[in-house]
Amino acid sequence: MNKLIAIDFGTSNTLIHSKEKGIIFQEPSVVAIDNNINKVLTVGNEAQQMIGKTPTNISVIRPLKYGSIDKFDIAIRMLKMMIDHTKEGNRFSKAFAKAYVLVGVPSMITQVESRGIEEVIHESGAKKVVLVKDVIADAVSLGEDIFKPKVSFIVDIGGGTTDIAAIALGGILAEESIKVGSNDIDLAIIQYIKKEYNVEIGELTAEHLKIQLANVIIEKEQFMEIIGQDLASGLPINLNMSNQEIYEAIRIPIEKICSSIKSVIESCPAESVADILSNGIMLTGGGAQLRNLDKLLYQELGIQASIVPSPEYSTINGLGKLLDHIDTIHNMVIEYSPYISRKDLDKTTEE
Ligand SMILES: Nc1ncnc2c1ncn2[C@@H]1O[C@H](COP(=O)(O)OP(=O)(O)OP(=O)(O)O)[C@@H](O)[C@H]1O
Ligand SMILES: [Mg+2]
């Protein structure tokens, strides 16, 4: 029998799950390449630690953007190395060649984008690839019976996209996927500090500020020291940032996420809205952990929102559960056009 594998191939993180062993790989979707010899040096955590510290011959690349493949060949090379680096070692790499792989993808993905993900998994060795929307996997991981006439409302805030969906009777009632994710909050922090202080900070520092200091409801002023580069002198400079300033910095992406949630609720059939009110909004994905986001949504929408336990694992856990029900998922699988050529894929990834 083919080996059954699930992959959450995310913009920020890649997780691999085997049916027998559970999660066997979980590292950032980052790859370091030596341009002189065109060789992949490392992937995952090691590559992420190199960000902003590389000599000119080394590039550190995130081959996924907004949940889709941005750099096709680099994505294949990254995934191949990840497959070689799982806890299962060599045995897993060999078994992957005969694997049936379930992959999570953003909602409302185009056919070219879904074909791109499918091709990357195929070219990395898999025999059969099946795509399932992340939000479906998220709902399954929460133990929701998605085949019942009861609405689950999922908001998955990943690094690259926020996927919002109302799910019932094995399908999607209303959905939206916006190209605004938690990485856009990091970017907003970088831009704010550049504009207000003429200081450049790196993406890891911005992410650190988001995780440690950012808050979307300020109850008490808090501060954090960071080091950036003064753009006037080129020298290192200390900044003491407040959570109030970070709140200002991240307001626009947060507002975009809130207004998209509102518009999905508005487009739900009237009967389902009562279900959403009683069951609440389930916040998942790593970005759901932004401090007080649940309270902000309650203030804005009057609907309880709760952050699911271990939100960064919900897609992979749901895909893992779906591996046990391969026969029942055929109507949840994303179809793609087999007529999109490799040439079209290369064209879109070059843009
Ligand atoms: N405690 C936290 N507070 C706020 N954001 C966080 C926290 N922990 C992780 N994140 C953010 O979550 C994001 C990663 O989430 P996740 O792993 O769900 O994304 P992904 O699945 O790779 O992306 P996508 O689904 O968009 O392709 C990163 O931007 C990270 O900075
Ligand atoms: Mg995700």
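Just a few scattered comments:
- For the chain, hydrophobic long helices are taken as DSSP H runs at least 30 Å long by C-alpha position along their axis with mean Kyte-Doolittle hydropathy of 0.0 or more; these are 243-266.
- Check: the chain dipole with +1 on Lys, Arg Cβ and -1 on Asp, Glu Cβ, in debye: 1040
- Over the stretch 234-326, volume per residue of the alpha carbon convex hull, in Å³: 176
- By the helix-only formula, in which each DSSP H run with n ≥ 4 contributes -39500 (n - 2.57) and the sum is divided by residues, the chain has a 222 nm mean residue ellipticity of -11500 deg cm²/dmol.
- Amide H within-cut-off set for Arg291, under 5 Å, with H built and near neighbours excluded: Val216
- You can think of it this way: the chain between Ile58 and Leu204 has 50.8 nm of extra reach, that is 0.36 nm per residue less the Cα-Cα gap.
- Fraction in percent of alpha-carbon pairs per bin - 10 Å, the stretch 182-250: 22, 59, 18, 1
- In order along the stretch 171-176, the phi-based Karplus estimate (6.51 cos²θ - 1.76 cosθ + 1.60, θ = phi - 60°) of 3J(HN,Hα) comes to x, 10, 7, 7, 7, 7 Hz; Gly and Pro are listed as x.
- Across the stretch 38-72, the residues whose backbone nitrogen lies under 11 Å from the label position 7 Å along the beta-carbon direction of Asp84 are 40-43.
- Normalised per residue, the volume of the convex hull around the Cα set of the chain (Å³): 141
- Convex hull volume of the C-alpha atoms in the stretch 138-221, normalised per residue: 128 Å³.
- At full extension, Leu301 and Ala270 could sit 9.6 nm farther apart than now, given 0.36 nm per residue minus the alpha carbon distance.
- Translational D in µm²/s for the stretch 1-117 (Stokes-Einstein at 10 °C, 1.306 mPa s, Kirkwood Rh from C-alpha pairs): 107
- Taking label points 7 Å from Cα along the Cα-to-Cβ direction, Ser310 and Ser93 give a separation of 2.8 nm.
- q = 0.10, 0.19 Å⁻¹: log10 I(q)/I(0) that the Debye formula gives for the stretch 143-297, counting C-alpha atoms only: -0.42, -1.07
Every number in this text was worked out from the coordinates using simple rules, so none of it is lab data. Only a predicted model underlies this, so the values are computations on that prediction, with no experimental measurement involved. Positions of Cβ are backbone-derived with ideal geometry, glycine not excepted, and every protein chain shown enters the neighbour counts.
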